[in-house]
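The values are calculated or read from the model by the stated rules, or taken from the named source; none is laboratory data. The structure presented is a predicted model; accordingly, all values stated were derived computationally and were not measured. For neighbour counting, all protein chains shown are included, and Cβ atoms are generated from backbone atoms with ideal geometry for every residue, glycine included. With ligands, DNA and RNA removed, areas are computed over all heavy atoms of the protein, side chains included. Shrake-Rupley method; radii C 1.70, N 1.55, O 1.52, S 1.80 Å.
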Amino acid sequence: MRLLEFQAKELFRNYGINLLPSKASTTIEEGRKHAKELGYPFVIKIQVPVGGRGKAGGIQKCQNDDEFELKYPQVLGLTIKGEKARAILLEKMADIKKELYLSLFLNRSKRCYTIIASPEGGVEIESVKNQIIKEVGLGEVSDQVAREVAKEMKLEGKAADDFVDILQKLAKLTVEKEAELAEINPLAIMQDGSLMALDGKFVTDDNSNFRHDELQKYQEKTEIEERAEKSGFSLVELDGDIAVVGNGAGLVMSTLDMLSDNGGKPACFLDVGGGATTDSVYEALTLISKMHRVKGILVNLYGGIVKTTVVAEAFLKAYDDKLINLPVFARLKGTESDKAKEMLKNSRTKIFDSVEEAINEAVMGIKR
């Protein structure tokens, strides 16, 4: 789960990380109220879960009421990389001396957190050659390690002290929330030598979110995802064109990965769950039919608790009702799979012996 900037900063504030005054809103009426409370000048920042906001016009300086009335609705109406504004953040303008970069990320291959820092901030870290990289295990960052990084950054005096403080607090937040990434870019040195987090990125580990009720308020679900939850199955909308259906989160996730590795783009993660019925699978297909970018359906089903015939019945009913008119590529194994294959034999569903074959045909099929 990738938090929006204002949500990440809410967590930063809870852990005592230095921030400029700011307020988030979703309407211009609310924005006007916040503008009076903050006072000019401030920056208007679109809140979307993607980068490149500045280049797309999503960050605008605002000096007075006239500029606010012009720029706020413009920014609110932007779509950046397919993402519409979810909120607008008004933040006091900063008197910046220098921009730095700081992040901690979970390095799964080495099973530890890694600090990445750079004296060059405000740009994508991949484009910066002058990087400081330090592995710090799975615990919090010690004062000694934090000061070593500050020294390598060539920070002195108050800037060094603030850097150590912010790094340790960011590490504490990252570890306690079991995050995959916490990033401050830029981490700005102000004219008085103090440091401020001017932007924030925070990505949680979905596998650990069930342990953090306090993070659930940041989980945004689409209307389709909420409807799926009420129907007893899991659905997460993605930005591709092939809907992926299976039973069991692990099976569906691995299918998503295999599809992506073969050049396909998943349109959704759909786990029909262990308690699937013909009605619930039919409802799942109903929701897929409402996702207009979907061009094909990939089914990877291993019957155990759920009989594959239950899924077959739902597909046949959906065909009869003209609910779906998309190519379906399926691999069916397990309980009653032979019977399910026979049921679907003369339908629009193409049956394959392996998931690899089904994926290859799905990728090629939607391109024809």
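Things worth noting here:
- Debye intensity ratio in log₁₀ form over the Cα atoms of region 291-331, taken at each q of 0.27 Å⁻¹: -1.04
- Solvent-accessible area of the chain (1.4 angstrom probe, protein heavy atoms only): carbon and sulfur portion equals 48 percent.
- Length gained when the stretch Gln191-Arg32 is fully extended (0.36 nm per residue, less Cα-Cα span): 54.3 nm
- Along the axis of the charge dipole computed for region 31-77 (Cβ charges of +1 for Lys and Arg, -1 for Asp and Glu, origin at the Cα centre), the listed residues Val48, Gln74, Ala35 are led at the positive end by Val48.
- In the chain, taking the dipole from charged Cβ atoms about the Cα centre, the farthest positive-side position among Ser208, Ser254, Leu11 is held by Ser254.
- Only the Cβ atoms of Lys and Arg (+1) and of Asp and Glu (-1) were treated as charged; on that basis the dipole of the chain about its Cα centre amounts to roughly 620 debye.
- When only the Cβ of Lys, Arg, Asp and Glu is charged (+1, +1, -1, -1), the dipole of region 231-299 relative to its Cα centre reaches about 180 debye.
- Listed residues Leu100, Leu70, Leu11, most fluctuating in the chain (Gaussian network, C-alpha, under 10 Å): Leu70
- Dipole axis of the chain (+1 Lys, Arg; -1 Asp, Glu on Cβ), positive-most option in Tyr302, Ala117, Gly275: Tyr302
- FRET efficiency for Ser254 and Glu176, using Cβ-Cβ distance with R0 set to 35 Å, rounded to 0.05: 0.70
- Length gained on full extension, Gln63 to Gln219: 52.8 nm, using 0.36 nm per residue less the C-alpha separation.
- Here each label is just a point 7 Å from Cα along the line to Cβ, and for Asp353 and Lys134 those points are 5.7 nm apart.
- Over the chain, Cα pairs under 8 Å with separation of 6+ residues give a relative contact order of 12 percent.
- By DSSP, the beta bridges lying fully in the chain are antiparallel in about 70 percent of cases.
- Secondary-structure-derived ellipticity at 222 nm for the chain, considering helices only, amounts to -10500 deg cm²/dmol, per-run term -39500 (n - 2.57) for DSSP H runs with n ≥ 4.
- Of interest is the spacing of the C-alpha centroids, which for region 293-368 and region 218-260 amounts to 17 Å.
- In the assembled protein chains, Tyr15 presents an accessible area of approximately 40 Å² (probe radius 1.4 Å).
- Look at [x] 24.5, 76; [y] 22.9, 73; [z] 20.5, 70: the one that is Rg and Dmax of the Cα atoms in Å derived from this structure is [x].
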